[in-house]
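Inspection log for the structure reproduced underneath, given as structure tokens.
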There are 2 protein chains.
Amino acid sequence: MPQEERTRLMRARLLEATVECLVERGFSGTSTTLVSERAGVSRGAQLHHFPTKNDLVVAAVEHLTHVRGAELAAAAQRLPRGDRRTRAVLEMLGDHFTSPVFTAALELWVAARTDETLMSAVAPLEQRVGREVHRLTVDLLGADEAKPGVRELVQATLDLVRGLGLANTITDDARRRARILDQWALTLDTALKDDK
Amino acid sequence: MPQEERTRLMRARLLEATVECLVERGFSGTSTTLVSERAGVSRGAQLHHFPTKNDLVVAAVEHLTHVRGAELAAAAQRLPRGDRRTRAVLEMLGDHFTSPVFTAALELWVAARTDETLMSAVAPLEQRVGREVHRLTVDLLGADEAKPGVRELVQATLDLVRGLGLANTITDDARRRARILDQWALTLDTALKDDK
């Protein structure tokens, strides 16, 4: 295996181990030592690629965002057309916002709130991801943002699934979430159709 | 001042100092030492009332929830009737979910996610608060939960403002939030009226 490929795989192992640590132990329970052990990577190699914990956690969430972005794009190809489409889009978003990438990102957001250095890395990442998910949602719903109110309804949809994701960290919320998304699909279809 | 009243005031000072610490420094930056210094209460007295950090943070969020609940009830009295009411209810909820009590609760939820002892105290508190806010919102909107879909739309409204609250911890989001709530008020009025 060429050196370049081995480096790429080692970085991926480190970043995936970091996400696992964030999900299992939270931000404060995640340490560079723990991550290097878990990934089976020497401390020296790890510090060479990611000198600080902040470098590691931001890169990890960014990495997982790419992976999940590719998964979302693939899932989007399989969405049904017609009447069931809106509900299927909401299901996909609901899954996304209750996945480990959401949990890891949540740990990062909350830690960044009281850590300026971390915030300076997290805020631009979050804005970029937010724009990408918004764009994808507009496309998948076939929403026309030139119509008044449509942009806000798409944003509301994403804030709704973010709120559902947060609720799900306290209690397993799958049944309640399904009922809410059923109703929101109906309301959203009516609103997107009715808006002048 | 009678002893009982002095004790009550001291407890309130401790709990308010705890909330301030959670907001300013996060859960991991909050310590019982810091709180007793900030509140001007001796370590001994503090440990007598709240033996552990978990006792302190759960009691603090519960205390602030009561205070905010009373504030919400007072604000609810001042809400306009008629066309502007739904938007005013959403404004009130939006303010609630971007207030220090939300921030302190968010720190608690995220810490509880990876701390079983804390979770066993936080989960019932969260469920109780959730039910109360749901009940208040139904009353304020004059929503008829016997109609299909209405209960889910009220829940969606609360998940939306929870999502907006989380977004607001990363960037000041007041203008975006106002536009989304403008649109949500229109959509909600139409949906609550239309549902059979």
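The values are calculated or read from the model by the stated rules, or taken from the named source; none is laboratory data. Keep in mind it's a predicted model, so treat the numbers as computed, not measured. In this analysis, Cβ positions are derived from the backbone assuming ideal geometry, glycine residues included, and neighbour counts consider all displayed protein chains.
Please enumerate the residues belonging to segment B:1-60 that are among the aromatic types (Phe, Trp, Tyr) and within 14 Å of chain A (Cβ to nearest Cβ).
Correct list: B:Phe27 only.
Is it the case that segment A:90-99 has a residue that's more than 11 Å from chain B (Cβ to nearest Cβ) and touching an Asp or Glu at 6+ places or on another chain (Cβ under 7 Å)?
No, every residue in segment A:90-99 fails to be more than 11 Å from chain B (Cβ to nearest Cβ) and touching an Asp or Glu at 6+ places or on another chain (Cβ under 7 Å).
For segment A:180-190: of the residues being among the aliphatic types (A, V, I, L, M) and under 22 Å from the mean Cα position of the chain (by Cα), which is nearest to the other protein chains (Cβ to nearest Cβ)?
Among residues in segment A:180-190 that are among the aliphatic types (A, V, I, L, M) and under 22 Å from the mean Cα position of the chain (by Cα), the one nearest to the other protein chains (Cβ to nearest Cβ) is A:Ile180.
Just give me the residues in segment B:139-151 being within 20 Å of A:Ala156 (Cα to Cα) and not in a loop (DSSP other than H, G, I, E, B), in sequence order.
Residues satisfying the conditions are B:Leu141, B:Val150, B:Arg151.
Listed residues A:Thr103, A:Thr117; which is assigned to a helix (DSSP H, G or I) and either among the hydrophobic types (A, V, I, L, M, F, W, C) or more than 12 Å from every other protein chain (Cβ to nearest Cβ) (or both)?
Numbers: A:Thr103 fails: either among the hydrophobic types (A, V, I, L, M, F, W, C) or more than 12 Å from every other protein chain (Cβ to nearest Cβ) (or both).
Answer to the selection: A:Thr117.
Per-residue answers, yes or no, for (1) more than 11 Å from chain A (Cβ to nearest Cβ); (2) not in a loop (DSSP other than H, G, I, E, B):
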residue	(1), (2)
B:Thr137	yes, yes
B:Leu153	no, yes
B:Arg162	no, yes
B:Leu166	no, yes
B:Ile170	no, no
B:Arg175	yes, yes
B:Ala178	no, yes
B:Leu192	no, yes
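Can you pull out every residue in segment A:32-68 that is β-branched (Val, Ile, Thr), at pLDDT below 95 and within 21 Å of the chain's Cα centre (by Cα)?
A:Val57, A:Val58, A:Val61, A:Thr65, A:Val67
Going by the conditions given, is A:Arg38 assigned to a helix (DSSP H, G or I) and in contact with a His (Cβ under 7 Å, 6 or more places away or on another chain)? Even if it seems obvious, please write down each step before you answer.
Values: assigned to a helix (DSSP H, G or I): yes; in contact with a His (Cβ under 7 Å, 6 or more places away or on another chain): no.
Judged against the criteria, A:Arg38 is not a match.
In segment B:48-78, what residues are without any contact (Cβ under 8 Å) to a residue 60 or more places away in the chain and closer than 17 Å to B:Ser99 by Cα?
Result: B:Ala60, B:His63, B:Leu64, B:His66, B:Val67, B:Arg68, B:Ala70, B:Glu71, B:Ala74, B:Ala75.
So how many residues does segment A:1-29 have that are without any contact (Cβ under 8 Å) to a residue 60 or more places away in the chain and within 11 Å of A:Glu107 (Cα to Cα)?
4
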